[in-house]
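Taken together, the values in this text are just the output of simple stated rules run on the coordinates, not laboratory data. This one's a predicted model, so the numbers in the text were calculated from it and none came from an experiment. Every residue, glycine as well, gets a Cβ built from its backbone with ideal geometry; the counts of neighbours run over all protein chains shown.
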Amino acid sequence: MATPTQHHKRRRLSPALHDVADELLFLILDRVAADDPRALKSFALASRACHAAEARHRRLLRAFRADLLPAALARYPTVPRLDLSLCPRVTDASLAALSTAPSVSAVDLSRSRGFGAAGLTALVAACPNLTDLDLSNGLDFTDAGAAEVAKARRLQRLSLSRCKQLTDMGLGCIAVGCPDLRELSLKWCIGVTHMGLDLLALKCKKLKILDLSYTMIVKNCFPAIMKLQNLEVLILVGCNGIDDDALDSLDQECSKSLQVLDMSNSYNVTHVGVLSVVNAMPNLLELNLSYCCPVTPSMSSSFKMIHKLQTLKLDGCQFMPDGLKSIGKSCVSLRELSLSKCSGVTDTYLSFAVSRLKNLLKLDITCCRKITDVSLAAITSSCPSLISLRMESCSLVSSEGMHLIGKHCSHLEELDLTDNDLDDECLKALSGCRKLSSLKIGICLRISDEGLNHISKSCSDLREIDLYRSGGISDVGVTHIAQGCPMLESINLSYCTKITDRSLRSLSKCIKLNTLEIRGCPMVSSAGLSEIATGCRLLSKLDIKKCFEINDLGMIFLSQFSHSLRQVLTLSSVNVIIAIPCFTIVLITY
Amino acid sequence: MEGGLRRISETSFKALPSMSCNSTRNNDPDQQGGRFNSMDQSCFSRPDQSFPAFSPLFGVQSSSLYLPDEKIGNQFEPNSSLNNPAVDWDPQTMLTNLSFLEQKIKQVKDIVQSMSSRESQVAGGCSEVQAKQQLVTADLTCIIIQLISTAGSLLPSMKNPLLSSNPAVRHLSNTLGSPMGFGFSCNQQPSTNNEATIPEITKTPDYEELMNSLNTTTPDESDEPMKCQNPCGGEGSEPIPMEDHDVKESDDGGEGENLPPGSYVVLQLDKEEILAPHTHFCLICGKGFKRDANLRMHMRGHGDEYKTPAALAKPSKDSSSEPAPVTRYSCPYVGCKRNKEHKKFQPLKTILCVKNHYKRSHCDKSYTCSRCNTKKFSVIADLKTHEKHCGRDKWLCSCGTTFSRKDKLFGHVALFQGHTPALPMDDVKVTGALDQPQDSEAMNAVGSIGYNFPGSSSDDIPNLDMKMADDARYFSSLSFDPCFGGLDDFTRPGFDISENPFSFMPS
């Protein structure tokens, strides 16, 4: 029971709060929550007015138990988003218990099972303003459920990924019932055929984003898709029913609205089909043909018909001679180029290509094992505005090449140099990249604490650093990083065998840290983990596999303090795992 | 009555062998049974007589008659002398035939005279009179047959008249009520007896000649029973009128000429035969069967002699016989496209096709679907097929219109604003029924929990506390990923923290 004085104090504070406009108050709360999420709870407990303000401020309700949803909605009557992804089982009964919640516009049931058409009826009836519904992974979702979903007439975004029982009947119901639909995911809906898509194209003319990945769509589905006048994003990943013949049926410039096309993993498409696509969709901004077909010069020169192309992803493709060269000739406006795991990318072709692509901002040449310093020189000299460079496992590039990155690409924000010949001198050069926020230098055995010191001094914005198996570093280096980069959110120290509890103690000062991977660090003990647990309250992902010194004590600390913890990778040697709050997903790996 | 009937049957059949072997009638009543069989047999063995196609006709009949071999053998013995060697075509034969006809007519005359004389004397001899009448009919039939065959022997298409003779004979046997019901086999397979005759037939040059010229011989043999007209009227009805035969004859002839050589043979069954429920009859009890196999099974009950492997064996095709030409069927309904007279005649492939076609196209639809009470069928199998799908697996629109095909439904839905595909009602009902009780239970359960939440009524602190506890425990307090919650339910070993939001609360 509150004492009278406390009560009085609250009363006195409340009127002041009323004077503050909600918008202003929310800004303040946003700032407070950004610094320390737990502050909001304290604020809500201050007074009834604060409590009400906090209720109004909340945008998302992430429930742990679906059966108490009515109570939660009563507590937060204005919350717009309802996330049930932490409730693995949501029954029809719990959905039926929902009272009318006009504020709720988005519901996420993507990880929930156990509800059927009756539950959806109740949900749709309770949320008259529903615009966003995620029913992914609904293996029990049937056409009957779809018929109920179709009653949500204001629906704009609907995800039905992996609803494998859905057929044209259900899709037809949705198409007729939800004319405002703008975004629809039918990934893995293998029961959907051209008939359902025909109806969809006819009824949902506002559709902008359509995901048909891994469906059985074939040639006769294209006329329907091309009828969608507002379609901007079309995702056709892994549609093996699409072949050159199907694409050949596309009319010239049949879809002028389409901006993004993802046809990766469509094995039956060759350069002939790509040519048809290019002719049919002249306004593409992004084209993803990863793992599709060999890139021939004729194919890549056909890209010049897409004047505005900004992003081109050709991961895992085999480049024919001059294929890459003609990309440089034809795609001058390119901003993002992804060539990871491509074969046939050589110094000559890559240098030529990047020398033409002056606007390039992002380049991914992961595992292009043939390139050498020549390419890197070309990249750094011709693309000075690069903000992202991924070149994991480019083993022929020497440390001299790495120097060039630091010298020329000062705008880099993301750099992946994993498994390269990197040394401290290079890191010193990289300290020129002051905007760096993500640095991956795993498996660089030659780097040491000194290199990290350079990084920590210049890259204060660093949020993510990967030091996987960088055996040269010790507590000193980690301490440098922890002190120099207070914004650090994620650090990977797996198999850095020299680090001890001292590293963890220093890392505990990075209060934003949410991911910590210290797998295979035998010198880390429960004491260090307890420091992390008390210091990094936002920790959600933790990998302590093969840390044999960590025992139950460390886990108890985690359970007490790390309430955000979602995933712990640990070993069976640890016995106490259960004491972590109920929403935490604990993976025990043996 | 019985005796009379038997006698008549005997005489009627005896007439045939006597015709064929050019012998005088043997009227001995003691040898009736034997004679009947001997007639059968003699026909088989003498296909090259003045009416070569006649014997196969009987062959088929005898096969469906189901006469065990031993019996035939026994009864056949005394009359084996009747079998004559083949006689070639010549005027002599014609003469003998004509003289036989004379004899026969005289015979009939006598009978009729005796009947008229008796009629005046004995009024009560009703059965006697009937028997006489039938006898007359039978004899007349024989005369007709003989006449036609004799005349036909001069023509190339002499077989058709013979065909028509068969039903008359069968009809007679039926009316006589003798235990040997004649089945007319509807299956194409020639019987064993029949096949046995074929090699003999082919031996004679005349017959071969005929076959070559006609190109229809072999199938006709097996199909003669089907072709026969069956005037299954009352007793003593007249044999088929002559002009009918003539029409058929010309039909067949014309068909054969128009067809490309060797393509197929067209057969036409009669309406009654098509609609007959049974095509195989038991000789002993007269029971009818649809299949000869069923008849064979039935016959086992009549004695051990029907249980021999030979008797039970399926009459199989003799490999030595020449392959039967492709046979097609014509619908007897004149004007039908399946009728051979139609300009764009399309033949039917099997007897079953004929039956189904005739029932579907030219018969009343007497079977009504019990589900929808609208659809009618004349073939019961069609009704069963329909009933399987009636009212189910329909593609349904929200407007109540049903479609048999999904694409039709989608076309309809696309056409009309506001119409939506509807799921079958029974499915929805099932799920609804299952879910409903759960829902109400849940409602009650939640209602009974009875949480009191701020904003609704009370203002006091304890209430707030309780709510906060719930709040912390059951949903995260943050709108972004790293969420957390209080953990009051878990025991806290040792280190209670000051940050606990509830630690400062008075309790």
Listed pairs A:Lys41/A:Lys435; A:Lys498/A:Lys546; A:Lys227/B:Lys408 exceeding 22 Å between Cα atoms: A:Lys41/A:Lys435
Part-to-part distance (alpha-carbon centres) for segment A:302-330 and segment A:110-135, which is given in Å: 44 Å
In nm, spacing of pseudo-spin labels at B:Met297 and B:Ala151 (7 Å Cα→C-beta vector): 4.7 nm
Among B:265-274, B:91-100, the order from most to least packed when residues are scored by Cβ within 10 Å on average: B:265-274, B:91-100
Sites A:Leu553 and A:Ser103 - FRET efficiency at Förster radius 56 Å, r taken between beta-carbons, to 0.05: 0.80
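Provide a whole-number value for the mean count of partner chain Cβ atoms within 10 Å of the Cβ atoms in peptide A:131-143.
Mean inter-chain Cβ contacts per residue within 10 Å come to 1.
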Residue order, fewest to most surrounding Cβ atoms within 10 angstrom, among A:Asp244, A:Asp35: A:Asp35, A:Asp244
For A:168-176, mean number of other protein chain Cβ atoms within 10 Å: 6
Neighbourhood net charge (11 Å Cβ-Cβ; Lys/Arg +1, Asp/Glu -1) for A:Lys313: -4
Proxy reagent accessibility, fewest Cβ within 10 Å first, across B:Arg405, A:Arg75, A:Arg48: B:Arg405, A:Arg48, A:Arg75
Which of B:Tyr306, B:Tyr358 has the fewest Cβ neighbours within 10 Å, and the rest in rising order: B:Tyr306, B:Tyr358
Two-site FRET efficiency, A:Ala125 against B:Lys271, from Cβ-Cβ distance with R₀ of 45 Å, rounded to 0.05: 0.10
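Pulled fully out, how much extra length does the chain show between B:Lys388 and B:Thr402, if you take 0.36 nm times their separation in residues and subtract their Cα-Cα distance?
Roughly 3.4 nm would be gained on extension.
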Neighbour net charge for B:Lys337 - beta-carbon separation under 11 angstrom, K R +1, D E -1: +3
Interchain or long-range residues, amide H under 5 Å from A:Val107's placed H: A:Leu82, A:Asp132, A:Leu133, A:Asp134
For segment A:235-248, Karplus couplings with θ = phi - 60° (6.51, -1.76, 1.60), whole Hz, Gly/Pro x: 10, 10, 5, x, 8, 7, x, 8, 9, 4, 4, 5, 5, 5
Rough spin-label spacing in nm, given labels placed 7 Å along Cα→Cβ, for A:Ala377 and A:Ser355: 1.1 nm
Other protein chain Cβ atoms within 10 Å, averaged over every residue that makes up A:36-44: 4
Ranked by how many other beta carbons lie within 10 Å on average, peptides A:526-534, B:368-376 from highest: A:526-534, B:368-376
Sequence ranges B:341-350, A:149-158, ranked by mean other-Cβ count within 10 angstrom, highest first: A:149-158, B:341-350
Rg to Rh, two decimals, where segment A:131-293 supplies the alpha carbon set and Rh follows Kirkwood: 0.96
